[in-house]
Structure formats: structure tokens, C-alpha cells
1. Take the residues in the stretch B:110-123 that are in contact with a strand residue (DSSP E or B) (Cβ under 8 Å, 6 or more places away or on another chain) and away from chain A (no Cβ under 14 Å), then tell me which one is farthest from DNA strand C (Cβ to nearest atom).
2. Tell me yes or no: at least one residue of the stretch B:83-96 is crowded, with 18+ Cβ neighbours inside 10 Å, modelled with pLDDT of 95 or more and more than 13 Å from DNA strand D (Cβ to nearest atom).
3. What residue, among those in the stretch B:50-72 that are surrounded by 23 or more Cβ atoms within 10 Å (Cβ to Cβ) and of a type in the set (G, A, S), is farthest from A:A43 (Cα to Cα)?
4. Within the stretch A:62-79, how many residues are within 13 Å of DNA strand D (Cβ to nearest atom) and either in contact with a strand residue (DSSP E or B) (Cβ under 6 Å, 6 or more places away or on another chain) or among the small types (G, A, S) (or both)?
5. Of all residues being within 15 Å of DNA strand C (Cβ to nearest atom) and not β-branched (V, I, T) in the stretch B:60-72, which is nearest to the chain's Cα centre (by Cα)? Just the residue, please.
6. If I ask for residues that are surrounded by fewer than 19 Cβ atoms within 10 Å (Cβ to Cβ) and at the interface with chain A (Cβ under 7 Å from one of its Cβ atoms), which ones from the stretch B:130-142 would you list?
7. Give me the residue from the stretch B:88-99 that is farther than 25 Å from B:G156 by Cα and within 8 Å of DNA strand C (Cβ to nearest atom) and, out of that set, nearest to the other protein chains (Cβ to nearest Cβ).
8. Would you pick out the residues in the stretch A:53-71 that are of a type in the set (A, V, I, L, M, F, W, C) and under 17 Å from A:N93 (Cβ atoms)?
Protein chains: 2
Amino acid sequence: MLQLVDVSTQNGFQDGMSGNPLPLGDLSSLVGYHLRRASAAFALDFQEAVKGTGMRQVLVGILSIIAANPRVNQGTVGAALGIKRANMVSLINELVDGGLVAREVSPTDRRAFSLTLTQAGEAMRQECTARIQAHEAQMLADMTAQERETLLELLGRIAAKRL
Amino acid sequence: MLQLVDVSTQNGFQDGMSGNPLPLGDLSSLVGYHLRRASAAFALDFQEAVKGTGMRQVLVGILSIIAANPRVNQGTVGAALGIKRANMVSLINELVDGGLVAREVSPTDRRAFSLTLTQAGEAMRQECTARIQAHEAQMLADMTAQERETLLELLGRIAAKRL
DNA sequence: TATTGTTATACTCTATAACTATA
DNA sequence: TATAGTTATAGAGTATAACAATA
């Protein structure tokens, strides 16, 4: 069970910098706005978490998909993450050049590439995942485990709508 | 109060396109990833909602802040929305050129600009807000009012961390 | 000396269209 | 004819540094 809070009287929807109480107008009630801000906050935190590794959000996403689906096609990875084919090319090049991903011509379709993590890629993935999980734990420190689950569940239902 | 759902048995963390069940690996448990996807889904929906108006997420944000704070300073608007001063310039130019925002030198500080919505700006803000609210209602149609409030409250707590 | 807004600039992310090689 | 990957390119969004006018 979760305690519900009256949104309109809460303090959480204001500029966190310098305790600025500037009213946001209709923005306060828009889920999209709060998703945008929360996502940006997590993106900043992510950057700090993986600082020095050369990784970015997209790249970690790709590594994670490949780890969970060895020999997956390049296009399949892109489709899962919402990345256009054209934009996948340089991303995979980056990972291959960095020695994190092995790219082979698919044995069943000579047009396609079969992607697998190298040992270095798997190590990088584990290192990044560990760091990110630690950072997320801090970001969500004031939430109960149940609240975190609820958040994940609600976000999952949203994204399921339209990918 | 809210009913909690067992996340691990839910179907919400998979690629919605074509019922693709591609496993996401460790990504599934990262809040940042789901925030990113949900935010992207809402951004796409936003674009459809305001299609033909010439508006974008940032611009609607600015209109909303100005509406709620007439004669607000340009820099204050940027700070509230996390927009750098340098990037505010062309955004405000765009709104002034479009006849949506009136820009005057502040009477109390001749360095600063005092921003107010024009009648057209207020009409545009109302039109966009109405469209976005209608679209969001559809995006969140399968959530109860309590779940939506909980979502807003949890997102607000996240963004309050680091703006 | 600090701050408001400005300019110039660069880098990332994203989106589209045209191409190739295979199917 | 359709699909996997490629190339080139253009548009947002975002970041920094240097500057002018004013505080």
C-alpha cells in the first residue's frame, strides 16, 4: 500500500535550485513535463555514474540488449531501443572499435550483422550496471521499495503504449 | 491508498512494437531507462497534440511559466525550466517574433527583460494546454486517478533532487 | 566586481532520403 | 520487390566562452 499525497499542495514540482518557488502554471499537472524533468535528472546522474568509462546512455542500453541476446541482429537492437537504423551504424562502429562488441556477418542472412559482447564488453557492461544501480539507489533513497516498484510498473505501462 | 503490483510478472517492460518479447537485460530494472522511454513516448504524443501550432515542448513550457508569472525575467524563466541563458535568447526571440510574448526592459533593472504573454500568447497557451491534457488523458487512460496522482508525486520527488 | 542578456560556436541526438548488397 | 545496413545531411537540443550594458 502507498500513501497518496495531494499534488496541488506539494512542494515537489518547483525549481529545486535555490529553493525557488516560481509557479509553473499548467505545467504542474502535466505528466509529460515531469517525465521530461525526471528523465533529465536521471540522465545527469547517469553521466556522473559512468564518468571515465566513455559510455553513454544509448551505448549501455545496446550493451545490455546484446548481453541478453547474444548474436542478435543490429536492426533488432535498434528496434528494441527505438534507435533508427541509420543511427545504429556509428554507434555499433564505436562499440566495435572500442573492442566491446564483436560484429560478424549473420550465417543465416548475409545482409545482417550478428552482434555479441566481447569479454571487455561484458566487463564494461557489468561495471556500468553496478555504478548506475548504486547511483539510482541514491537518487531513489527516499522512496520505499514498494514505491520504486510502483514507479517502475507505472512507467512500464506508459512506455508500452507507444515505442 | 494504492494497490501494489508485482513488477516481475508484469508485461510492461518489453518492446511494444509487434509484440516483440526481446529481453532487455539489466535495463529492465533501471528506473532511468524507463523514464527515458516514457519521456520519449510522451514527447512523441506531445508533438502530435500540438501539430500545426508551431509549438514545441520548451516553448509551451515557457508560455506556461510566463502566464503564471507575468513580468517575469527572461533568466528566471530559464532557471525554472533548466534552460541555459544563451539558449533562452533565440527561444524568446521566436515567441516575440510570433507575437506570443511581449518583451519590455524591466523598469527596476535595465539589463533585464520583463516578459508577459500577449492575447495571442495566452490563447495559444490555452489551446496547447487543452490539446495536451486531452492527449495525456488518452495516454493514461488505463490508469486510475489515484495512480496518476501517485505517478506525478513520485516524479516530482525525483526531479526535486537535482534540477 | 557581478549579473543580464547576447553572439558565436561546437557537439550530441535525431530524422530523412538515397544508395548497396543481399533476400 | 523488400530488407539490412550504409552514407550524407539537416534539424533540434544543449554546452561553453567571450562580450556589452548595467548593477
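1. Applying the first criterion (in contact with a strand residue (DSSP E or B) (Cβ under 8 Å, 6 or more places away or on another chain)) to the stretch B:110-123 yields B:112-118, B:121.
Next cut, away from chain A (no Cβ under 14 Å) only: B:112-114, B:118.
Values: B:A112: 3, B:F113: 4, B:S114: 8, B:T118: 17 Å.
Of everything passing the filter in the stretch B:110-123, B:T118 is farthest from DNA strand C (Cβ to nearest atom).
2. Scanning the stretch B:83-96, I find no residue that is crowded, with 18+ Cβ neighbours inside 10 Å, modelled with pLDDT of 95 or more and more than 13 Å from DNA strand D (Cβ to nearest atom), so the answer is no.
3. Restricting to residues being surrounded by 23 or more Cβ atoms within 10 Å (Cβ to Cβ) and of a type in the set (G, A, S), the top hit is B:S64.
4. 7
5. In the first step, residues of the stretch B:60-72 are kept if they are within 15 Å of DNA strand C (Cβ to nearest atom); the result is B:62, B:65-66, B:69-72.
Narrowing further to those that are not β-branched (V, I, T): B:69-71.
Working: B:N69: 17, B:P70: 20, B:R71: 22 Å.
Among them, the one singled out is B:N69.
6. Across the stretch B:130-142, the qualifying residue is only B:D142.
7. Quick first cut of the stretch B:88-99, residues farther than 25 Å from B:G156 by Cα only: B:89-99.
Narrowing further to those that are within 8 Å of DNA strand C (Cβ to nearest atom): B:89-90, B:92-93.
On the way: B:V89: 20, B:S90: 20, B:I92: 16, B:N93: 21 Å.
The residue in question is B:I92.
8. A:M55, A:V58, A:L59, A:V60, A:I62, A:L63, A:I65, A:I66
The values are calculated or read from the model by the stated rules, or taken from the named source; none is laboratory data. Remember, it's a predicted structure, so these values are computed and weren't measured experimentally. Glycine also receives a Cβ, built like all others from the backbone with ideal geometry; neighbour counts cover every protein chain displayed.
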